[in-house]
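The values are calculated or read from the model by the stated rules, or taken from the named source; none is laboratory data. Note that the structure is predicted; figures quoted are calculated from it, not measured. Glycine also receives a Cβ, built like all others from the backbone with ideal geometry; neighbour counts cover every protein chain displayed.
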C-alpha cells in the first residue's frame, strides 16, 4: 500500500472535521439568530434542534478525526446534512432568482458532502484509524 493510499483517507476525514467544526462554531456564535431563522422555517423547538445538531456534529467529528466507529459518525453527519439540506435550503420555494441561486448552491454543496460521507460509510476510514488498528495488542507466540 502506497503512502498516498495510507494517508489520503486521514486527510479526507480531517477535511470533513474542519468543515463541520467550522459550522459548529458558526452555530455557537449566532445561536439566537439561527434559532430565529429555524423558527421562521417552522422548525419545532429551534433551540433544541440546534443543540441536537451540535451534539451530532461533535460526536461525528470525534469519530471521523480519530477513525473510531467512523461509519457510525459518517451516518450521523450524513443524516443531519441531508435533513438540513431539504428543510433549510428549499431553493424550489424561493421566488427571487438570486435567493434561489444562493439556496441551490448551499443545497448542492450539502449533497456533495453527503456523497463523500456515503463513500466513507461504504469504504471505511482507511488504514490510518483506530477502527483499523492491529488486533491482539502484542507479538505472536
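Annotations
- Residue in segment 113-124 that is touching a helix residue (DSSP H, G or I) at 6+ places or on another chain (Cβ under 9 Å), surrounded by 14 or more Cβ atoms within 10 Å (Cβ to Cβ), outside any helix (DSSP H, G or I) and free of Cβ contacts under 8 Å to residues at least 40 places away in the same chain present: no
- All positions within segment 73-112 that are under 18 Å from residue 42 (Cβ atoms) and not in a helix (DSSP H, G or I): 89, 90, 94, 95
- Within segment 29-45, the set of residues being assigned to a helix (DSSP H, G or I) and either within 24 Å of residue 112 (Cβ to Cβ) or touching a strand residue (DSSP E or B) at 6+ places or on another chain (Cβ under 6 Å) (or both) comprises 34, 37, 38.
- Condition met for residue 8 (at pLDDT below 95 and either under 15 Å from residue 124 (Cα atoms) or surrounded by fewer than 16 Cβ atoms within 10 Å (Cβ to Cβ) (or both)): yes
- Residue check for residue 48: in a helix (DSSP H, G or I), at pLDDT 95 or above and in contact with a helix residue (DSSP H, G or I) (Cβ under 9 Å, 6 or more places away or on another chain): no
- Residue count for segment 51-68, restricted to those that are part of a helix (DSSP H, G or I) and farther than 15 Å from residue 83 by Cα: 11
- Selection status of residue 131, within 11 Å of the chain's Cα centre (by Cα), surrounded by 14 or more Cβ atoms within 10 Å (Cβ to Cβ) and either within 24 Å of residue 18 (Cβ to Cβ) or modelled with pLDDT of 95 or more (or both): no
- Residue within segment 57-64 that is in contact (Cβ under 8 Å) with a residue 60 or more places away in the chain, closer than 23 Å to residue 125 by Cβ and out of contact with any helix residue (DSSP H, G or I) (no Cβ under 6 Å at 6 or more places or on another chain) present: no
- Residues located in segment 54-79, provided they are farther than 27 Å from residue 6 by Cα and buried (at least 20 other Cβ atoms within 10 Å of the Cβ): none
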